[in-house]
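Here's a structure for you.
The values are calculated or read from the model by the stated rules, or taken from the named source; none is laboratory data. Since we're looking at a predicted model, the values are computed, not measured. Don't worry about glycine lacking a Cβ; one is built from the backbone with ideal geometry, like all the others, and counts go over all protein chains shown. With ligands, DNA and RNA removed, areas are computed over all heavy atoms of the protein, side chains included. Shrake-Rupley method; radii C 1.70, N 1.55, O 1.52, S 1.80 Å.
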Amino acid sequence: MMSLSSGPRSPRPSQPFPSTGPSAGSPVLELNVGGELYTTTVGTLRKLPGSKLAEMFSSSAKAYTDAEGRFFIDRPGTYFGPILDYLRSERLPTHHILEVYREAQFYEIKPLVKLLEDTPQIFGEQVARRQFLLRVPGYSENLELMVRLARAEAVAARSSAVLVCVVRTEEDAVLCADALRVLEAEKRSVVKFGPWKAAPQVKDLLDCVKMDITAQGYQVHYEQFSERTLRAKHFGYFYTFVFIWW
């Protein structure tokens, strides 16, 4: 990327953004966003008044520069390119939709945020899946408990297993109550999900649990639990999540 050494240097850290510039009011500048370098204009960055990005480059804002005098933003640089593309030409990203969405939220690029929320990726996650999980009591807490139990069993082991009970309805909860008591008497830890009032089925919930634990960096899969401890009629309520450590 070309240097701007032939022109005025950018301000040093903590100095205000310069209020003077070419008569067009849109000087070219270089940005260092998390180590990725970009060249753009002040006009592009200020295109949406009221956005955090426009505020960063207003005449009254504090600007920070790197060792080469480029304006510095301490955010993931990989996903700043699509933000600039949208400001320049209203072009929507086609890759890394979720990551760009998060950056658009941070920079408060509200039109882009709204457009991305209509994409299948964001709509499916935010409107469909997340809204379902909000109707599953204690979902996030149960995920944390599963991870704690798995880690507690991981000492000197290649894998560890966590027993999960999933009941979709109140009737299911009543039917597996005896089995839960048997397991409790055997001092078996069981993480119970449900019941919930939403259309998704048991497998949908299990897939969500696997997805969210995998997103934390764990290698995990699930299988139906069928030990002789339980009667066959209870097998559909109990599953084992296996964490692989090495």
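Hey, can you grab everything whose amide H is under 5 Å from the amide H of K192? Only 5+ residues off in sequence or another chain; H modelled, so Pro and N-termini drop out.
Result for K192 returns C165.
Can you give the calculated 222 nm mean residue ellipticity of the chain, where each DSSP H run of n ≥ 4 adds -39,500 (n - 2.57) and the sum is split over every residue, rounded to the nearest 500 deg cm²/dmol? Intermediate results must be reported in sequence, preceding the final value.
Numbers: 10 runs with 84 residues, N = 246.
Estimated from H runs of four or more residues: -9500 deg cm²/dmol.
Could I have the simple spin-label model distance between R148 and D204, label points 7 Å from Cα toward Cβ, reported in nm to one decimal?
For R148 paired with D204, the spin-label model returns 2.9 nm.
Taking N as the number of residues in the chain, what value does Rg over Cα atoms divided by 2.2 N^0.38 Å take?
Cα-based Rg divided by the globular estimate yields 1.46.
Something else now. Could you go through the range 166-171 in sequence order and give the Karplus-derived ³J(HN,Hα) for each residue, using 6.51 cos²θ - 1.76 cosθ + 1.60 with θ = phi - 60°, rounded to whole Hz, and x for Gly and Pro?
10, 10, 7, 10, 4, 5
Using a cut-off of 12 Å between beta-carbons, work out the net charge of the residues near A198 (Lys and Arg +1, Asp and Glu -1, A198 not included).
+4
Suppose each label sits 7 Å from its Cα in the direction of the beta carbon; what would the T44-S189 distance come out to in nanometres?
Roughly 5.2 nm, to one decimal.
Here's a follow-up. Using only Cα atoms, what is the ratio of the radius of gyration of the range 49-100 to 2.2 N^0.38 Å?
Rounded to two decimals, the normalised Rg is 1.29.
When only Cα pairs under 8 Å and 6 or more residues apart are kept, what is the percent relative contact order across the chain?
Relative CO of the chain lands at 14 percent.
Sticking with this one: At 0.36 nm per residue, minus the direct Cα-Cα distance, what do Q126 and R181 gain on full extension? Give it in nm, one decimal, please.
Details: separation 55, 0.36 × 55 = 19.80 nm, distance 3.64 nm.
Using 0.36 nm per residue and subtracting the Cα-Cα distance, I get 16.2 nm.
For the chain: lysine pairs with Cα atoms under 28 Å, gap of 8 or more or different chains, count?
17
Note the full-extension length gain between A215 and E36 as 0.36 nm times their separation in residues minus their Cα-Cα distance, in nm to one decimal.
61.9 nm
DSSP loop trypsin sites (Lys or Arg not before Pro) in the range 36-107 with at most 10 other Cβ atoms within 10 Å of their Cβ, which ones?
Counting only loop positions with at most 10 other Cβ atoms within 10 Å, none of the trypsin sites (Lys or Arg not before Pro) in the range 36-107 qualifies.
Is the shape of the range 137-244 best called rounded, prolate or oblate, per the rule: a/c under 1.5 gives rounded, else a/b larger than b/c gives prolate, else oblate, with a ≥ b ≥ c the square roots of the Cα gyration tensor eigenvalues?
Taking the square roots of the gyration eigenvalues as a ≥ b ≥ c, the range 137-244 is oblate.
I've got another one for you. Under the rule that an exposed site lies in a DSSP loop and has at most 16 other Cβ atoms within 10 Å, name the longest stretch of the chain with no GluC sites (Glu not before Pro) of that kind, not counting the sites themselves.
Details: sites that count: E68, E90, E108, E153, E186, E227.
Longest run free of exposed loop sites: 1-67.
Can you give me the relative contact order of the range 137-244 as a percent, contacts being Cα pairs under 8 Å and 6 or more apart?
Computed over the range 137-244, the figure is 36 percent.
Where the centre of each part is set by its Cα atoms, how far does the range 74-112 sit from the range 190-246, in angstrom?
Rounded to whole Å, the Cα centres lie 36 Å apart.
Give me, ordered by chain and number, the residues 5 or more places off S159 or on other chains with an amide H under 5 Å from its own placed amide H.
Here W245 satisfy the definition.
Another question, then. In whole Hz and in residue order, list the ³J(HN,Hα) couplings for the range 189-206 that follow from phi through the Karplus curve 6.51 cos²θ - 1.76 cosθ + 1.60, θ = phi - 60°; x for Gly and Pro.
Computed from phi, the couplings for the range 189-206 are 7, 10, 9, 9, 10, x, x, 9, 10, 6, 5, x, 9, 4, 4, 4, 5, 4 Hz.
With all protein chains present, how much of the accessible area of the chain (probe radius 1.4 Å) comes from carbon and sulfur, to the nearest whole percent?
53 percent
What area, in nm² and to one decimal, does the C-alpha convex hull of the range 28-118 cast on average over all directions?
Computed as one quarter of the Cα hull surface, the answer is 5.5 nm².
Sticking with this one: Determine ³J(HN,Hα), in whole Hz, for all residues of the range 64-74 in sequence, where each value follows from phi through the Karplus function 6.51 cos²θ - 1.76 cosθ + 1.60 and θ = phi - 60°; x replaces Gly and Pro.
10, 10, 8, 5, 9, x, 7, 4, 10, 10, 8
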